[in-house]
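Structure, as structure tokens:
Readers should treat all values here as calculations from the given coordinates under stated rules, not as data from a laboratory. Values in this document were obtained by computation on a predicted structure and should not be read as measured data. In this analysis, Cβ positions are derived from the backbone assuming ideal geometry, glycine residues included, and neighbour counts consider all displayed protein chains.
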Amino acid sequence: MTVKEKIELLPHSPGVYRYYDSQGTVIYVGKAKDLYKRVHQYFVDPDRLNVKTRILVSRIADVQYSVVDSESDALLLENNLIKQYKPRYNILLKDSKTYPWICVTSEPFPRVFLTRRVEKNGSRYFGPYSSVLHARSLLEFFGRNWPLRSCRLKIDSDSILRGKYRPCLDYHIGRCRGCCIGKISEQEYDSWIEEIVHLLKGGVSEIIAKYKAAMLEASEALDFETAQFCKQRMEALQKHYAKSIITSAGERDLDVFSLVFDGSDAFGNFLRVRGGAIVQSLNLGFKMQIEEEPAAVLSSFIAEIESKFGELSSEIVVPFLPDVELEGVSFTIPARGDKLSLLELSAKNAKEFHFNTLKQREHTDPDAFRQGVMEELRKALGMKELPRHIECFDNSNLQGTNPVASCVVFRDAEPSKKDYRRFKVKTVIGANDYASMKEIVNRRYSRMLDEAPDDLPQLVVIDGGAGQLNFAWQAICELGIQDKMTVVGLAKRLEEVIQVGDPYPLFLDRNSQALKLLQRARDEAHRFGITFHRSLRSKAAVHSTLRDIPGVGPRTEERLLLHFGSLARVMAAPEEDIAALVGPKLAASIKGL
């Protein structure tokens with residue numbers, strides 16, 4: 001039976017489908033509300049699919065499926081099968097880390113410690129924590145307020161009665177109450193553990209309320225020592241959790257998801273809010289092997305978090321709806337209020353994760369980083385080609401004197417200084433930036449068309465606004481190369497990108513690597529141009545002072561400057577010293593200035 005014949009037999013039911021190649025390897029796993037309709041889409045009109053998806057379809061040799069009762073079951077089964085088979089074309093979880101958990105053991109006098117291994121031994125695990133510093137700060141807080149044991153001794157009633165163990169240093173300095181020698185009952189110790197477990201589950205407000213009630217009760221009974229203890233414990237909890245409690249979120253329980261997309265990569269953040277406190281936060285990255293809708297990526301993110309953290313809250317805050325409906329779960333897209341603040345906080349964490357990932361990639365894999373930057377710039381400007389060759393122009397003059405221009409070249413997002421060029425403006429008189437820009441662009445690409453017509457840049461950046469851009473575009477159109485490159489202007493005031501023929505400027509994200517690349521090229525062109533302009537001004541200043549003296553030519557000027565070091569020292573030197581170099585008559589003319 002062929003693949004298409006199998007597809008016609010698929011049921012109109014929720015389930016998970018698997019594509020196999022000719023070697024019998026699973027190459028894609030997908031979920032569907034309606035198996036027949038979803039799988040049928042791949043084969044009805046292949047032309048509407050993108051290139052990567054068409055390649056996937058061309059390699060499908062067999063289709064298998066599993067029917068489930070609901071969309072939520074399909075989502076979880078898909079997640080499990082992806083982890084089992086690791087299909088080539090599925091969304092790849094870019095997360096090779098082993099996150100830390102806080103473990104509460106199931107033994108008598110339980111221990112609380114940090115671990116990266118989750119074992120099925122009856123212990124309770126809380127996490128994972130994306131920051132090991134956060135997890136350690138929690139353990140330090142518990143240690144300061146609940147003197148738990150840190151040893152691995154096997155403590156039971158028999159060992160305590162027989163006096164099997166001797167107290168360690170922690171007991172003598174007050175960090176442990178002496179479980180091993182019977183100085184604290186198992187019931188009292190277990191009450192501490194339950195408080196800690198309640199805090200790890202997010203019950204901060206309830207614990208604080210319990211200590212407040214106990215404090216008031218002890219005060220009324222004139223038991224001021226107990227009241228002071230409750231007050232200190234309550235203040236310690238409030239101080240430690242002050243940064244975590246979202247007071248405006250009330251007592252509600254929520255899960256919050258956000259995603260940031262960058263080409264074929266996605267960066268997600270998850271926040272778990274319990275009793276108004278953020279008790280867990282996790283960042284995950286995803287790589288899309290074929291074109292995926294944002295809703296599908298969000299569904300994969302939700303399934304991954306559920307597999308890591310267990311059952312989700314009955315209310316989930318999201319920036320947009322996923323492509324599945326989960327039984328007993330309502331999705332909220334907030335427009336205002338506390339939930340919007342939580343979603344914005346999650347999005348801020350996702351953006352920070354995106355930024356840090358790019359910075360790390362810049363150091364560990366610079367080629368991939370530069371490729372990503374160029375791809376981001378290509379999409380931002382709507383270019384067909386990747387801007388591997390970028391040229392940026394800048395004019396420089398001082399009240400119309402010594403007008404010059406510079407052209408800097410970036411190849412693969414890095415400066416190519418051997419290709420830099422600088423120009424003296426020849427045909428324009430006075431301070432006319434527009435005409436100067438047109439002249440320089442025309443000269444640059446006229447020569448390039450003669451000498452290296454195959455090396456034209458994909459992107460030309462003009463330092464300036466619409467005026468400079470329009471005159472540069474005129475020069476390019478006159479040369480007939482307007483279809484071979486994209487030309488934009490970068491205005492410095494608001495860092496807006498001006499595009500030819502578009503009355504509205506393009507504002508790129510201030511933190512985007514695409515904008516930073518444009519700014520880097522612009523700043524380099526300005527630096528290169530202003531250096532050239534300063535050197536010309538310096539030469540012009542020397543020429544106007546010495547060369548205008550009758551009898552002083554280039555060689556005499558050079559001899560004087562080399563001997564005295566500068567024009568100021570020439571003018572300050574005694575006439576007899578100057579005469580020793582150029583003769584008394586010329587020396588008198590120089591000193592007579």
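Just to confirm a number: summing +1 for Lys and Arg and -1 for Asp and Glu over residues other than V29 whose beta-carbon lies under 12 angstrom from that of V29, what do you get?
Net charge in that neighbourhood comes out at +4.
Across the range 296-308, in residue order, what do the Karplus-derived ³J(HN,Hα) couplings come to in whole Hz, using 6.51 cos²θ - 1.76 cosθ + 1.60 with θ = phi - 60° and x for Gly and Pro?
So the J values, rounded to whole Hz, are 5, 5, 5, 4, 4, 4, 4, 5, 5, 5, 5, 5, 8.
Counting other Cβ atoms within 10 Å, keep those with at most 12, restrict to DSSP loop, and tell me which trypsin sites (Lys or Arg not before Pro) in the range 275-362 are left.
Passing both the DSSP loop test and the Cβ count: R336.
Expected output is a single nm value to one decimal: the length gained when fully extending between S159 and K591, i.e. 0.36 nm times separation in residues minus the C-alpha distance. What is it? Walk me through the numbers on the way to the answer.
Working: separation 432, 0.36 × 432 = 155.52 nm, distance 10.65 nm.
The span from S159 to K591 would gain 144.9 nm if fully extended.
What trypsin sites (Lys or Arg not before Pro) does the range 50-108 have in DSSP loop regions with at most 14 other beta carbons within 10 Å? Don't jump to the answer; show the numbers that get you there.
Values: sites: K52, R54, R59, K83, R88, K94, K97; in loops: R59, R88, K94, K97.
Here the sparse-neighbourhood loop sites are K94, K97.
Lysines within cross-link reach of K339: Cα-Cα under 26 Å, excluding same-chain residues under 8 positions apart?
Within the straight-line limit of under 26 Å, K339 reaches these lysines: K201, K239, K243, K308, K348, K351.
Can you figure out the FRET efficiency of A236 with L494, using R₀ = 45 Å and their beta-carbon distance, to the nearest 0.05?
FRET efficiency, A236 to L494: 0.40.
Could you tally the net charge around R378, taking each other residue with its Cβ under 11 Å from the Cβ of R378, Lys/Arg +1 and Asp/Glu -1? Please list the in-between numbers first.
Working: positive: K379, K384, R388; negative: E375, E376, E385.
After counting each charged neighbour, the total is 0.
Can you list the equivalent-ellipsoid semi-axes of the range 286-330, largest first and in whole Å, using the square root of 5 times each Cα gyration tensor eigenvalue?
Taking √(5λ) for each Cα gyration eigenvalue gives 20, 13, 8 Å.
What FRET efficiency would be calculated for the residue pair L562, K348, taking the C-beta separation as r and a Förster radius of 51 Å, to the nearest 0.05?
It comes to 0.25.
Are there any GluC sites (Glu not before Pro) in the range 72-156 that are in a DSSP loop and have at most 16 other Cβ atoms within 10 Å? List them by number.
E119
Go ahead and run the numbers for FRET between F113 and E188, Cβ-Cβ distance against an R0 of 22 Å, rounding to 0.05.
0.60
Consider the candidate values [x] 24.0, 75; [y] 26.4, 88; [z] 36.1, 117; state which one is Rg and Dmax of the Cα atoms in Å computed from the structure displayed.
[z]
Using the Cβ atoms and a cut-off under 12 Å, what net charge is assigned to the surroundings of F393, where Lys and Arg are +1 and Asp and Glu are -1?
0
Among the listed pairs K52/K418; K37/K359; K6/K384; K418/K516; K384/K424; K384/K516, which are separated by more than 32 Å between their Cα atoms?
Listed pairs above 32 Å: K52/K418; K37/K359; K6/K384; K384/K424.
Round to the nearest 10 and give me the degree value, 0 to 90, for the angle of helix 224-240's Cα axis relative to the longest principal axis of the chain.
With both axes taken from Cα atoms, the answer is about 40 degrees.
Modelled label-to-label distance, Q474 and R555, 7 Å Cα→beta-carbon offset: nm?
4.7 nm
If the chain between I55 and R336 were fully stretched, how many nm would it gain, using 0.36 nm times the residue separation less the Cα-Cα distance? Kindly include the intermediate steps, with their values, before the conclusion.
Working: separation 281, 0.36 × 281 = 101.16 nm, distance 4.33 nm.
In short, 96.8 nm is gained.
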